[in-house]
Amino acid sequence: MSATIIMPQLGETVAEGKIIAWFKSVGDKVAVGDRLFEVETDKVTVEVEATEGGTLSEIRIGKDVTTKVGTVVAVLDGGVGQAAAPAAASVAPAPAAAARSAPKALSAFEEVATAKGRFGKANAGNDVRVSPLARRLIAENGLDTETVAQAAIKENVRRIDRRAIALHMQQARSSALTVLEPVQATSGTGGEVVTLNTIRRRTGERLAENWRTIPHVFQAIEADFTAVEAARCEIRARFKAEQGISLTYLPFIARATCLALDAFPQVNAHFDGKALSLSRDVHLGIAVDLNHSGLVVPVIRGAGDFTTLGLAKAIARMVEKARSGKLSADDLSGGTYSISNNGAFGTLFTAPIINAPQVAILSVDAIRKRPAVVETAEGDFIAPRLMGMLGQSFDHRAFDGAYSAAFLSKLKSIIETRNWAEDLTSGRTR
Amino acid sequence: MIAKTMQDTPTPGASANDDIGTATRIELYRLQVEIRDCEKRAYDLFLQNLVKGTSHLSLGQEAIAAGFAAAMGPKDKSFCTYRGHAHTLARGVPMEKVLGELMLRDNGLMRGKGGSMHLTSAEHGVMGSYAIVGAHLCIACGSAWRAQYQGQDDVTVCFFGDGTTNIGAFHEALNFAVIWKLPVVFVCENNLYMEYTPIADVTAVPHPAADRAAAYGLPRILIDGNDADEVLRTARAAYKLARAGGGPSLIECLTYRHSGHSRADPGKYRPPGELDKWLERDPLKIYRGRMAEFGISPEAIASVEATSKRKVEEATTICKSAPPASEHLLTADVYADGGWAWRN
Amino acid sequence: MAELSYRDAVIRGISQEMRRDKDVVLIGEDIGKAGGVFKATVGLYEEFGPLRVRDTPISEQAILGAAMGAAMTGMRPIAELMFAEFAAVCFDFIANEIPKQRYMTNGQLGCPLVIRFGNGAGVRFGAQHSQSIENWTMMIPGLKVVAPSSPVDIIGLMAAAVRDPDPVMFFEHKALYATKGEVPDGEIVDVLGKAKILRPGRDCTIVALALMVPRALEAAGILARDHGIDAEVIDVRSLVPLDTQCILGSVVKTGRMFTVEENPRLCGWGAEIVSIVADEVFWDLDGPLVRITTPHIPLPAADNLEDLAIPSVTRIVERVSRVLNGSRT
């Protein structure tokens, strides 16, 4: 049974790609996750990894050939062979279900194409049930049902589903990713050479291009988070208990950002070098650090329609997906504005790099008590206030400093003066 | 239209007033003989287990099929019940196609897809044989409506049994045809039995169709269904009325079936002597006598009979060596694209 | 572009086809001079005249038989069954005569006709005039079945149904007649056998039909806002042919599926879809397949009881959120 490898969809506007290197030859064994080939598109160069295992039986598109997205570039003969042992856990995973775009021919006696594959157990010990999808993912990723079950039980969860597996893999990755492989010291500085991983390489090229082509201007404004903190403290314990999510400042900032963008639509736009395309909806990118080994910016679509708590849940979900490597191309595209949360290490401000084709990006740095001047009827006093710097890099081709500053001023005003207690309980999105 | 009874026979030697003519008479006889011979062969083949499933024979009812068919043209449409072999043959469908379908072979009229009860030949105007009692009366109205709407002059002829007159669809169709003045001719073949029950036991009126005509504002027409000439004249008049925009007719033809309801039924529920009485009024016997009265030679008659027997033998030979229904057709023609797909 | 009501869309769809082809005719009870009991055929009699828009007696068998005979011999009739349940009065034609013609005659004859049904609940007519019966026709080989949820779909699918050479069961929902929607100008012709993803989403797939479609959409909004659940909503539109690829593709993406059905529970249209999904994409399922349906009861006349019975927005939200967010422990 063979599976086809196709030129993947590498970005919203990418229609074709050129294979610049093959890492496997015909006859090579391929495991899930192996590098297959490298593709160059007009935006970026990407390494494509195998999503199924097997033997590479045919290469149809060779090096230096440009071909349309979706073209079959190679054929993989599936199946690594059944293990001799009778235990269900050692059955090798069958290739994934056929692509939805190519339905098999049906016959009158097989009007439904029964799913193929035999994967692992449906029940782990201790009443833990495994969903069919999870069973397939466990098999395809070489995991062990019992180990995943243990992790689930620790979270007081009796069901292994896609979420449980993502969590498990994130934890596994965290321990794996922090290990950087040392290489022979051959550099001119006499120190170690640290090879960049794929994600860092990919994002590095994009960052460089954005930096090169966009005239970045940085502005910052200071905001008082006292009101936010008051509302946050009221609710965070209960929220944590009910949702299992820690409520940080980020959802409040995200909410305020969406409201501010309503009033300053040019900041919520795409720029192609000539024209500014305003977006009716806010699709908010949230930069997620992958344990110091790279950065991704998944997008919350329609973020403007979410409540603050809704944003908190959505952000948590995105972070989980990002850390378990389960973000899809859809999740990473279509953003109209981004927020980079850099406060964890106490920095004052950061000038982030804009995510083209967006026109601006907000950095949120440390929010901490600082001395501030408080004006009262009795006179001016110095008092500790919870302050944070909000820094925006913007594309000066799209609009001017005055517009950007006005936006930041609006953002500050919302953060400082919005009735956050009411916002959290009203359930309205405006 | 004045009600006819069973006594009306023209005087011998009245050829000068002969409204039917020798050619048509020979044709009427040919139709009846071939129906008889083919139906008898169907019976034999059933006993040999070559005709499968069920089969409803028209032995004894040939004159109705012949008379109404002879008066039709190629554009006219006919609808009949599951007792439809006679009506199918009478419209010119070759015997081997009919026998082939009864034997459920690939050479059958519908290549074995429909079977005995659903004989259809659109090219001959045979718009189906219908197995659910009464349905096709309503469908026949639709065909007639189409003729009226599109300004075409074909008539639709609809055959059914006495039992049909008690089902709801009969009444809906009659009322509908009358109020829209549709060019449809309803022909009730009253063979005195509704399946295994005497029709008189289950019908509120003595003549199941003729006695109901008045309920729909239609004239009462009751004829000897075993006299092909009478059937022919009645048919011609009804078609003329319909083509002229005069609306539908309801005609009850008295007849009798020689065999049981279907092949499975030996007809033992009939009172003794009844069958014999009716065999005296065998339509073929009546017609042989009629032809002699009008001076048609015994040689001409014998020629028709010999040709019929030859045709039956040829058809039988073809069918016996024909392959069974093709497996490729199992899922064919559920939909107009030829396929069966209900999903993508 | 104009805003048109669902019932005016019926009129527009029928008249579009009747203007195009003179063999398209309309018959039924009170559809002509009275413009239909739901006013869904107003104006057609005046425009096309009594020969093309013809009132019939109360004779459902004769109505469908006439449509069948006319279709078999060259016309393209549209017949109305005033209330969908009247299908039971003429079920011989729907189940035995019309759908089996082509097959039994080995392709010699077919029935290019459309039967329009006044389907569904919400207008307080009681048990015999309120049921949704798409499933009664979905199960019959040889028919095609559509149930549009919006004015633009009414027009497009009516055109597709009239032009289709096979018999099409066209279910209009009585409670949708007064609803409105945007409809482009000009001729509108849609395709049978295509579902529509009305709201893309990532956390679960909700498959709905007719009146249940706007309810599913409203529920999806609430699910996103209050429960952090991003639901993909599919309007099935066409039960036969079924756009299986659309539904399966969606479930492969989300791993979860719910159907929202107005049919009484047993053998509702969703049962078949759940069966196909459980069979064909079993290894993409992250949880049980759930059907949200009317209970298996005749429908009550009382308005509060009828509203309880038919799946409501609240019930959809509650069920989806409970199944997705609850009980992982």
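Bear in mind that the values in this text are calculations on the coordinates, not laboratory data. No experiment lies behind these values; they were computed from the predicted model shown. No Cβ is skipped: glycine too gets one built from the backbone with ideal geometry, and neighbour counts run over all protein chains shown.
Taking the DSSP bridge list for segment C:196-323 and keeping only pairs wholly inside it, about 20 percent are antiparallel.
Based on the alpha-carbon gyration tensor of segment C:113-230, what equivalent-ellipsoid semi-axes (square roots of 5 times the eigenvalues) come out, in whole Å, largest first? Can you show the working numbers first?
Numbers: eigenvalues 130, 68, 45 Å².
Equivalent-ellipsoid dimensions as semi-axes: 25, 18, 15 Å.
Stokes-Einstein diffusion for segment C:2-183 at 37 °C, viscosity 0.692 mPa s, with a Kirkwood radius from C-alpha pairs, works out to 205 µm²/s. Phi angles of segment A:252-258 translate, via the Karplus equation with coefficients 6.51, -1.76, 1.60 and θ = phi - 60°, into HN-Hα couplings of 5, 5, 4, 4, 4, 4, 4 Hz per residue; Gly and Pro are given as x. The distance linking segment C:238-277 with segment A:305-377 is 39 Å (Cα centroid to Cα centroid, whole angstrom).
With the dipole of the protein assembly as shown worked out from charges on the C-beta (+1 for Lys and Arg, -1 for Asp and Glu) around the Cα centre, which of A:A152, B:W278, A:H292 lies farthest toward the positive end? Toward the positive end, the furthest listed residue is A:H292.
Among A:W211, C:W136, C:W269, sorting on how many other beta-carbon atoms sit within 10 Å of each Cβ, with the fewest leading, yields A:W211, C:W136, C:W269. Summary value for segment C:48-149: 27 percent relative contact order, contacts being C-alpha pairs under 8 angstrom separated by 6+ residues. The Cα atoms of segment C:196-323 cover 43, 34, 23 Å along the three principal axes, with the biggest extent listed first. Each Lys and Arg contributes +1 and each Asp and Glu -1, all at the Cβ; summed about the Cα centre of the protein assembly as shown, the dipole is approximately 1460 debye. If we count every other residue with Cβ under 11 angstrom of A:S246's Cβ, Lys/Arg +1 and Asp/Glu -1, where does the sum land? Local net charge: +3. Of all complete DSSP H helices in chain B, those with a Cα span along the helix axis of 24 Å or greater and a mean Kyte-Doolittle hydropathy of -0.5 or more are B:22-47, B:298-320. Computed 3J(HN,Hα) for segment A:297-311, one whole-Hz value per residue from the Karplus formula 6.51 cos²θ - 1.76 cosθ + 1.60 where θ = phi - 60°, is 10, x, 10, 9, 6, x, 4, x, 8, 8, 7, 4, 5, x, 5, glycine and proline marked x. Backbone amide hydrogens, once placed in the peptide plane, bring A:M387 within less than 5 Å of A:F225, A:R368, A:K369, A:R370, excluding anything fewer than 5 places away on its chain.
Each other residue within a Cβ distance under 12 Å of A:I367 adds +1 if Lys or Arg and -1 if Asp or Glu, for a net charge of +1. Here the contact order of segment A:262-387, divided by its residue count and restricted to Cα pairs under 8 Å and six or more residues apart, works out to 23 percent. From the alpha carbon centroid of segment C:143-222 to that of segment C:41-87 is 23 Å. Applying both filters, DSSP loop and at most 14 other Cβ atoms within 10 Å, to the trypsin sites (Lys or Arg not before Pro) of segment A:347-410 gives A:R397. Across segment B:22-323, C-alpha contacts under 8 Å between residues 6 or more apart give a mean separation that, scaled by the residue count, equals a relative contact order of 24 percent. Around the amide H of A:Y337, modelled in the peptide plane, lie the amide H atoms of A:H283, A:G285, all under 5 Å away and 5 or more residues distant in sequence or on another chain.
Rounded to the nearest 5, what % of the DSSP beta bridges within the protein assembly as shown are antiparallel ones? Roughly 50 percent of the DSSP beta bridges within the protein assembly as shown come out antiparallel. Rounded to whole numbers, the Karplus 3J(HN,Hα) couplings from phi for segment C:121-136 are 9, x, 10, 6, 8, x, 4, 8, 10, 10, 6, 8, 10, 3, 5, 4 Hz, using 6.51 cos²θ - 1.76 cosθ + 1.60 with θ = phi - 60°, and x at Gly and Pro. Summing Lys and Arg as +1 and Asp and Glu as -1 over all other residues whose Cβ lies under 11 Å from the Cβ of C:V24 gives a net charge of +3. The loop-placed trypsin sites (Lys or Arg not before Pro) in segment C:1-49, going by DSSP, that have at most 11 neighbouring Cβ atoms within 10 Å of their Cβ come out as C:K33. Database remark: amide H of B:M194 closer than 5 angstrom to the amide H of B:I199 (H placed geometrically; neighbours at sequence offset of 5 or more, or on other chains; Pro and chain starts carry no H).
When DSSP beta bridges are limited to those with both residues in chain C, what percentage is antiparallel, rounded to the nearest 5? In chain C, approximately 20 percent of DSSP beta bridges are antiparallel ones.
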